[in-house]
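Worksheet: the structure to be examined is printed underneath.
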Amino acid sequence: MSPKTSKSSVKGRRGTLTPGRIAVLVLAVLALIFIFENTRPTKIRLLIPEVTVPLWTALLAMGVVGALCGAHFVYFRKRRR
């Protein structure tokens, strides 16, 4: 193989910290700090029932739901290609 057709490409590395990954990590840490700073009870109504839960629980649950939705769309977008 010539040096031009070498299989060692920068594009294939997965372990590097890119600026995008660092930004996502920083945003995730900030979101967790925000979630765990808000601890007082709050009333939540979903359709009919009303429940009282700590605000951090509701925020964390919505964060998980958002992450799952995002992962779902990314998975099926990659699968279509």
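The values are calculated or read from the model by the stated rules, or taken from the named source; none is laboratory data. None of these values were measured; they are calculated from a predicted model. FYI the Cβ positions are ideal-geometry reconstructions off the backbone, even for glycines, and counts take in every protein chain you see. The protein model used for the area step is the full one, side chains on, heavy atoms only, and it has no ligands, DNA or RNA in it. Shrake-Rupley method; radii C 1.70, N 1.55, O 1.52, S 1.80 Å.
Quick check, is Gly15 open to solvent by less than 70 Å² (accessible area, probe 1.4 Å), on the phi < 0 side of the Ramachandran plot and not hydrophobic (A, V, I, L, M, F, W, C)?
It is false that Gly15 is open to solvent by less than 70 Å² (accessible area, probe 1.4 Å), on the phi < 0 side of the Ramachandran plot and not hydrophobic (A, V, I, L, M, F, W, C).
I'm trying to understand the selection: among the residues of the stretch 25-46, which are assigned to a helix (DSSP H, G or I) and more than 16 Å from Val65 (Cα to Cα)?
The answer is Leu25, Val26, Leu27, Val29, Leu30, Ile33, Phe34, Phe36, Glu37.
Would you point out the residue of the stretch 47-57, among those that are more than 20 Å from Ala67 (Cα to Cα) and outside any strand (DSSP E or B), that is least open to solvent (accessible area, probe 1.4 Å)? First the steps, then the outcome.
Within the stretch 47-57, the first condition is being more than 20 Å from Ala67 (Cα to Cα), and the residues that meet it are 47-54.
Still in the list and also outside any strand (DSSP E or B): 47-49.
On the way: Leu47: 158, Ile48: 148, Pro49: 83 Å².
Looking at residues that are more than 20 Å from Ala67 (Cα to Cα) and outside any strand (DSSP E or B), I get Pro49.
For a quick check of your reading of the model, give me the residue pairs whose first member lies in the stretch 20-35 and is under 16 Å from Ala58 (Cα atoms), whose second is open to solvent by 80 Å² or more (accessible area, probe 1.4 Å) and hydrophobic (A, V, I, L, M, F, W, C), with beta-carbon atoms closer than 7 Å and at least 6 apart or on different chains.
Ile35/Trp56
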